[in-house]
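This report concerns only the one structure given below.
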Amino acid sequence: MTQGATLSDAAPKGRVWDRFPIRTKRVIWAWAFLALPIIFYGWIRFYPTFQAFWISFTDWDILKPAQFVGLENYDKLIHDPAFWKVFRNTFTYLIIGAPVSLVVAFAVAYYLDRVRFMHGFIRALYFLPFLTTAAALAWVWRWIYQPVPIGLINGLLAQFGIPQQAFLKSTTQALPAIMVTAIWAGLGFQVIIFLAGLRAIPQTFYEAARIDGLGEGAILRKITLPLLKPTTVFLVVFSSIGFLRIFDQVYNMTSNDPGGPLGSTKPIVLMIYQTAFSSFDMGYAAAQTVVLFTILLIVSLLQLWVLRSR
Amino acid sequence: MTALAPDAARPPLKFGRIRPGQILIWTVLLLGGLLMITPILYMFSTSLKTASQVYDLRLIPAAPSFDNYVKVLSDGNFMRWFLNSSFIAITVTLSNLFFDSMVGYTLAKFEFRGRYFIFLAILSTLMIPTEMLVIPWYLMSAQLHWLDSYWGIMFPGMMTAFGTFLMKQFFETVPDDFLEAARIDGLNEFQIWWKVAMPLVAPALSALAIFTFLGNWTAFFWPLIVTTSRELYTLPVGLSSFSDAQDTRWEMIMTGAALATIPTLVVFLVLQRFIVRGVMLAGLKG
């Protein structure tokens, strides 16, 4: 090949290219297609990943040069009661939010799949919230939770003579109130994906089961749920990651005291945001992101493990 | 793939077979759906009320008026944020359509050493949460003077592993014979990809476009970090600061939220089937 290239030095440039075998030409094309993306992924994804680990071992406030401190940030994290509170909040969002939203989404999809009359309209009703901007609708929900005479829910409660609820101003009710908003925002996506999964199950399976005399419950347990497993696993992981990374709703619904009252709604991403961009304690914030990364990695690996053991 | 069509024919219910249970299910589903859009309805309703009517919780305003909209839009910043978000979402979407499909095509249809390694490397970036990268991105942007610029908001999303993976899956279904025929016709590899392969994966491209656009239109975390001047805010970030500044003027907050929601609602109403199918496609393949 190189020989061919040197021999044809006198020939016009196109001739050099023409002498490459087809295979070689295609390999060159492939790397030409990949050149810019390789730079992008290397520079914008891989290098920052390693940098994040490195920063987590340093003490750095941007103004002074970074100082290597080993595992000090992690040690500080383990002994920081604020972190454990945030850790507990984050898992509360996950452990209640993900199952509740999945069960509701499945129930809606399961029944909506059999409805023909106004099917598209009802589906659109469930799907619409997914298309809204979380940062915008969080404020609408904030209004809904206001005390009388502003908020919608307390207004309704008052009409029925039920005592007022503090919602976002209460250290125990604020987190569930925000969680409802997050579930509401993500439900439509899950319904649509469940519907697609249900559609992909061949009708013949159901017909065979009916001929065998299986009841509705048995069909659900023995056919629908097992065949729907890939869809369900995908949604479990997708919504788990979503709840572990919750931020938009919390930030906007508690913007006068982000993560409040008294840090009772603060998730880990909000803590990262405040540590990095309010306190500019970059090393400590990076250590928190490494912890988040580890948690998300475990969740993803669990997914692979569950899918393999099919 | 035909099974994914949202309105794929299922045997229509025969009217003789409608049971009371089905009517109950239908009613519950409809009420649940109406409950789902209640916040959206009240958002629009309150945006049409005056400050003194906000305390009146009726859904239909007594005297609807668009004054709030005029006030919010004449604020000056709002139109700017709207245009910022449009520009950013469209640019990033076009970039993803181009690069993700180019990489997906290369990984699906070319044979070369290192192909599998590149694929795994790109796929592995899915494991890295944005939150972990924002600190390095921020420092990088500070050094390169990208803070507070359109490019600074856009650069992290110009290519995504999700889009690459989605497009690779779809290009694998394109028969090699098509590409070979084009090769014999004398098209070069770029032309084969652009003129022959791309039109064959149009449904996947539209799915990717919808996801990328929606994701960038609603993006909040990174734009909040990278922008500091009000003129460069995206709509969600601008809205957040606007609402915070309004204190308790809920009719203004609702109007801002409504203005951010209207464009996506209009697009959805026009392209409903398209969008639902796209989400199904991307969700199942991705």
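Key figures for this structure:
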quantity: Matching option when the condition is surrounded by fewer than 21 Cβ atoms within 10 Å (Cβ to Cβ) and polar (S, T, N, Q), among A:THR133, A:THR49; calculated: A:THR49
quantity: Matching residues, the stretch B:164-181, being within 26 Å of B:ILE122 (Cβ to Cβ) and aliphatic (A, V, I, L, M); calculated: B:LEU166, B:MET167, B:VAL174, B:LEU179
quantity: Qualifying residue in the stretch A:71-87 (condition: more than 9 Å from every other protein chain (Cβ to nearest Cβ), within 19 Å of the chain's Cα centre (by Cα) and within 25 Å of A:PHE277 (Cα to Cα)); calculated: yes
quantity: Residues of the stretch B:20-61 satisfying the condition of being assigned to a loop (DSSP other than H, G, I, E, B), more than 7 Å from chain A (Cβ to nearest Cβ) and either farther than 18 Å from A:TRP139 by Cβ or aromatic (Phe, Trp, Tyr) (or both); calculated: B:THR50, B:SER52, B:GLN53, B:ASP56, B:ARG58, B:LEU59, B:ILE60, B:PRO61
quantity: Selected residue [surrounded by 16 or more Cβ atoms within 10 Å (Cβ to Cβ), more than 30 Å from B:GLU189 (Cα to Cα) and not basic (Lys, Arg)] from A:TRP29, A:TRP60; calculated: A:TRP60
quantity: Test: residue in the stretch A:194-205 that is more than 15 Å from A:LEU102 (Cβ to Cβ) and away from every other protein chain (no Cβ under 14 Å); calculated: no
quantity: Residue that is closer than 28 Å to A:GLY242 by Cβ and more than 11 Å from chain A (Cβ to nearest Cβ), where the choices are B:MET127, B:MET140, B:MET159, B:MET167; calculated: B:MET167
quantity: Every pair of residues 6+ apart whose Cβ atoms lie under 6 Å, when the first sits in the stretch A:284-310 and is assigned by TED's automatic domain parsing to the domain that holds A:GLY242 while the second is of a type in the set (S, T, N, Q); calculated: A:TYR284/A:ASN73; A:TYR284/A:THR275; A:ALA285/A:THR275; A:ALA286/A:SER56; A:ALA287/A:SER56; A:ALA287/A:ASN73; A:VAL290/A:SER56; A:VAL299/A:SER240
quantity: In the stretch A:15-51, the residues that are within 7 Å of chain B (Cβ to nearest Cβ), touching a Ser or Thr at 6+ places or on another chain (Cβ under 6 Å) and of a type in the set (Val, Ile, Thr); calculated: none
quantity: Helices (runs of 4 or more DSSP H) fully within the stretch B:197-257 counting 1 or more residues that are polar (S, T, N, Q); calculated: B:202-217, B:235-245
quantity: Residues (out of contact with any helix residue (DSSP H, G or I) (no Cβ under 9 Å at 6 or more places or on another chain) and either within 14 Å of A:ARG199 (Cα to Cα) or at the interface with chain B (Cβ under 7 Å from one of its Cβ atoms) (or both)) located in the stretch A:101-128; calculated: A:ARG116
quantity: Condition check for A:THR90: within 14 Å of another protein chain (Cβ to nearest Cβ), in contact with a Phe, Trp or Tyr (Cβ under 9 Å, 6 or more places away or on another chain) and polar (S, T, N, Q); calculated: yes
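The values are calculated or read from the model by the stated rules, or taken from the named source; none is laboratory data. Just so we're clear, the structure is a prediction, and the values are computed from it rather than from any experiment. Glycine also receives a Cβ, built like all others from the backbone with ideal geometry; neighbour counts cover every protein chain displayed.
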